[in-house]
Number of protein chains: 2
Amino acid sequence: MKIINGGVCAAKGFTASGVHCGIRKNRTKRDISLIYSEKVATAAAVYTTNLVKGAPLTVTREHIKNGYAQAIICNSGNANTCNANGIEIAEKMSELLALELGIKADDVVVASTGVIGQPLNIEPIAAGIPMLRAALSSDGSADAAEGIMTTDTVKKEIAVEFTVGGKVCKIGGIAKGSGMIHPNMATMLVFITTDAAISAEMLAKALSSDIADTFNMVSVDGDTSTNDMVTVLANGMAGNAEIVAEGEDFSAFMKALNTVTVYLCRMIAADGEGATKLLECHVSGAADTKTAKTVAKSVICSSLTKAAMFGADANWGRVLCAIGYSGADVDVSRIGVSFKSAAGEIEVCRNGAGVDFSEEKAKEILLEKEIEILVTLDAGEASATAWGCDLTYDYVKINGDYRT
Amino acid sequence: MKIINGGVCAAKGFTASGVHCGIRKNRTKRDISLIYSEKVATAAAVYTTNLVKGAPLTVTREHIKNGYAQAIICNSGNANTCNANGIEIAEKMSELLALELGIKADDVVVASTGVIGQPLNIEPIAAGIPMLRAALSSDGSADAAEGIMTTDTVKKEIAVEFTVGGKVCKIGGIAKGSGMIHPNMATMLVFITTDAAISAEMLAKALSSDIADTFNMVSVDGDTSTNDMVTVLANGMAGNAEIVAEGEDFSAFMKALNTVTVYLCRMIAADGEGATKLLECHVSGAADTKTAKTVAKSVICSSLTKAAMFGADANWGRVLCAIGYSGADVDVSRIGVSFKSAAGEIEVCRNGAGVDFSEEKAKEILLEKEIEILVTLDAGEASATAWGCDLTYDYVKINGDYRT
């Protein structure tokens, strides 16, 4: 599999754009994005499990329940959530876009991200839609990636090339993450496009199977957003025989999808609000996958472990503590923990108790930007990985006064 | 009920002490404490649910399974957890203390708090025990409260006077909290003494019933410690007829116990690591108590809500978000939220959507040191309260390099 340029525009027939329409006061920050497919695409999406759901999610769910979509519009700066007229505004966004593009309103995926509970005005969006259409380009992925950013500090995009039945296919995605990141059966905003031909049913199957090991294993702050959504559009323009069942082609597609999603997960975790480090917790030797996942996610979510990583402090007792309260059934006396990074690997705990180790070497390892926390449970063959970030002064700063 | 001085020494027959024995390098900080009852007392305790359990908990559980104890020894600076010889050390602490005091080793409650996974040397403890005995005094509660502190910034003690069957009884407690505070069926370290006569069975009943609404409703950082423990000793020296069943006397005892525990909960939350504010979330109008508790605790645990409170930002959308992902079954469209403090009260959300409010007034309210977050669910009569604190730069600072 080859990593290529182009993000959501890498796949044949997709163009994108991002502009400043005026939702945000800062005129240098794009605040609305569009992704468009020449042809109607099969579509699948997963949504937040938060009972408080953004109005755009309700509208999108209705629009793609037939399995098709052609365009995605997403604004930042306002989540359009907990507003009395939220549904109305989200529907209006779809209608105005459909009119502009000459497509059906129920082929529009609509999304919003930003502050909860502040009414979203339609005026800047109505003004922005013609600008978005005019700016549509096969080079537009980076602009679209910027338009959906909130406190993100880097644009998150990727694309890969893969082969299905001898045909070259492409799949690419953009994402926004940063804060309120603790997805549950869905996630942040992630938009993925592919020119592979795949039925709506198999696309939904691929997506829901993938996210269980990818986006649902990421946490920045334990807060599950009201507006999480991952959407995939597949327009079939690569010309492969449509994937309609499991088999070799579906596996090739799943593998490509997973490459895109794992890359975006790592980017979202590394760019968590205030983060200075990406944390990856690998759990192996678990009795079953559920145990491995529970343990990995508990470690990644521990405020104390996250703060220790910020301080490059090999305080492995906090890792054990997080395993102990995770709810997973583990034998504490068999747990092993090591820290690993570009600077090396060091064992700090064996059989549930500390081992002698060089604090100096541990410090050197933990001063790197990407840290792996390796946990072994010595109870079976199952494993899992979770992604997170350190807890820093800047997380507090960013969130102490987010609205102003 | 009257609040009185004396902490754990307020009740008749109890003395206490706290000294520096050398576990900590800082010679000005007391690091070991003793609470002693002239007479053998009925005893009850609850412990952390973390699978990783401090060795002292295992030893204490064994010692008080007969329902009796006479002394409590507790060191700070080292949790004696995840150490290969942990049990041995905890037993040795009990034996040395029993020898010094001329009591039975299995009448000793032993506890430790501090870093996990560093071997605990018996030498400083062995040297400290005679000093502890020599320092025992009816004025010793404050010293004992200091000896169990880790990153706590204030000593936590209280005592109250109440009447059982015409006899004046006293109950008092000390606590340490600060970090790794998210008790589950047990809590931080809390030692309570009373001279009321109450059977071991009724004492255990009183304690386990009380903590469900008190310590289990506190969270500083979502990390459930490995060493949480609440212990009550009741030596019967007040001379009341022993409480052996439910009824008026038991109710009076429960009320006094609750006054002590709620006071300590508030102190622990307000003195959470790095905290500048005490947060109290009151949920009312819930369909049942479980729902009310789940919602209250979810709000108190939300990193984003905690950071907003630090910034005195009335970002109520984060409160709704935390309610939505709590797992409780609530009707979002009926939720109301207000903020309250000494500076007044302001409604910010009604029927799940924002209401117009003065940002200036909200700021004024949220700049106070004690903030109440009032949530109404409009679904029934049940209510609950949870206690927490804001998330600040100092939490990160304290935990970025705790061990050095």
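The values are calculated or read from the model by the stated rules, or taken from the named source; none is laboratory data. Worth saying up front: this structure is predicted, and the values here are computed from it rather than measured. When we count neighbours, we look across all protein chains shown, and the Cβ atoms used for this are built from the backbone with ideal geometry, even at glycine. When the accessible area is computed, the model is the full protein with side chains, heavy atoms only, and any ligands, DNA or RNA have been set aside. Shrake-Rupley method; radii C 1.70, N 1.55, O 1.52, S 1.80 Å.
Structure summary
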| read-out | value |
| --- | --- |
| Single condition A:ALA105 does not satisfy, out of (1) open to solvent by 10 Å² or more (accessible area, probe 1.4 Å); (2) touching a helix residue (DSSP H, G or I) at 6+ places or on another chain (Cβ under 6 Å); (3) at pLDDT below 95; (4) hydrophobic (A, V, I, L, M, F, W, C) | (3) |
| Residue in segment A:10-41 that is nearest to A:ALA79 (Cα to Cα), counting only those that are part of a strand (DSSP E or B) and open to solvent by 10 Å² or more (accessible area, probe 1.4 Å) | A:VAL19 |
| Of all residues in segment A:71-80 being in contact (Cβ under 8 Å) with a residue 60 or more places away in the chain and not in a loop (DSSP other than H, G, I, E, B), the one that is farthest from the other protein chains (Cβ to nearest Cβ) | A:ILE72 |
| Residue tally, condition away from chain A (no Cβ under 14 Å) and either in contact with a helix residue (DSSP H, G or I) (Cβ under 6 Å, 6 or more places away or on another chain) or farther than 19 Å from B:LYS29 by Cβ (or both), over segment B:141-172 | 19 |
| Scope segment B:184-201; condition modelled with pLDDT of 75 or more and open to solvent by 10 Å² or more (accessible area, probe 1.4 Å); matching residues | B:ALA197, B:SER199, B:ALA200, B:GLU201 |
| One residue from B:ALA111, B:ALA127, B:ALA142 being aliphatic (A, V, I, L, M), part of a helix (DSSP H, G or I) and under 24 Å from the mean Cα position of the chain (by Cα) | B:ALA142 |
| Tally, over segment B:105-127, of residues that are within 21 Å of B:TYR47 (Cβ to Cβ) and away from every other protein chain (no Cβ under 14 Å) | 7 |
| Options A:LYS12, A:LYS39, A:LYS29, A:LYS2; residue that is over 30 Å from B:VAL332 (Cα atoms) and touching a His at 6+ places or on another chain (Cβ under 7 Å) | A:LYS29 |
| Test result for A:TYR263, among the aromatic types (Phe, Trp, Tyr) and closer than 20 Å to B:ASP228 by Cβ | no |
| Residue check for A:ILE371: more than 19 Å from A:LYS297 (Cα to Cα), more than 8 Å from chain B (Cβ to nearest Cβ) and among the aliphatic types (A, V, I, L, M) | no |
| Search result, residues across segment A:108-134 that are of a type in the set (Gly, Ala, Ser) and surrounded by fewer than 18 Cβ atoms within 10 Å (Cβ to Cβ) | A:ALA126, A:ALA127, A:ALA134 |
| Residue match in segment A:329-344 (condition: more than 9 Å from chain B (Cβ to nearest Cβ), surrounded by fewer than 17 Cβ atoms within 10 Å (Cβ to Cβ) and in contact with a helix residue (DSSP H, G or I) (Cβ under 7 Å, 6 or more places away or on another chain)) | yes |
| Qualifying residue in segment A:243-256 (condition: farther than 21 Å from A:ALA10 by Cα and touching a Lys or Arg at 6+ places or on another chain (Cβ under 6 Å)) | no |
| Candidate set: segment A:81-101, residues that are within 12 Å of chain B (Cβ to nearest Cβ) and in contact with a strand residue (DSSP E or B) (Cβ under 7 Å, 6 or more places away or on another chain); chosen: the one surrounded by the most Cβ atoms within 10 Å (Cβ to Cβ) | A:CYS82 |
| Test result for B:LEU51, within 13 Å of chain A (Cβ to nearest Cβ), surrounded by 24 or more Cβ atoms within 10 Å (Cβ to Cβ) and under 20 Å from the mean Cα position of the chain (by Cα) | no |
| Test: residue in segment B:104-111 that is closer than 30 Å to A:GLY336 by Cα and either out of contact with any Gly (no Cβ under 9 Å at 6 or more places or on another chain) or not hydrophobic (A, V, I, L, M, F, W, C) (or both) | yes |
| Residue match in segment A:266-279 (condition: hydrophobic (A, V, I, L, M, F, W, C), more than 17 Å from the chain's Cα centre (by Cα), open to solvent by less than 50 Å² (accessible area, probe 1.4 Å) and more than 14 Å from every other protein chain (Cβ to nearest Cβ)) | no |
| Residue selected from segment A:285-320 under the condition in contact with a strand residue (DSSP E or B) (Cβ under 6 Å, 6 or more places away or on another chain) and of a type in the set (D, E, K, R), by the criterion nearest to the other protein chains (Cβ to nearest Cβ) | A:LYS297 |
| Test: residue in segment A:375-393 that is surrounded by fewer than 19 Cβ atoms within 10 Å (Cβ to Cβ) and within 10 Å of another protein chain (Cβ to nearest Cβ) | yes |
| Segment A:203-231: number of residues that are among the small types (Gly, Ala, Ser) and over 29 Å from A:LEU304 (Cα atoms) | 4 |
| Residues satisfying the stated conditions in segment A:88-108, i.e. part of a helix (DSSP H, G or I) and either acidic (Asp, Glu) or over 27 Å from the mean Cα position of the chain (by Cα) (or both) | A:GLU88, A:GLU91, A:GLU95, A:LEU96, A:LEU99, A:GLU100, A:LEU101, A:ASP106, A:ASP107 |
| Every residue from segment A:145-169 that is part of a loop (DSSP other than H, G, I, E, B) and open to solvent by less than 60 Å² (accessible area, probe 1.4 Å) | A:ILE148, A:MET149, A:THR150, A:THR151, A:ASP152 |
| Residue selected from segment A:102-124 under the condition out of contact with any strand residue (DSSP E or B) (no Cβ under 9 Å at 6 or more places or on another chain) and among the hydrophobic types (A, V, I, L, M, F, W, C), by the criterion farthest from A:CYS74 (Cα to Cα) | A:ALA105 |
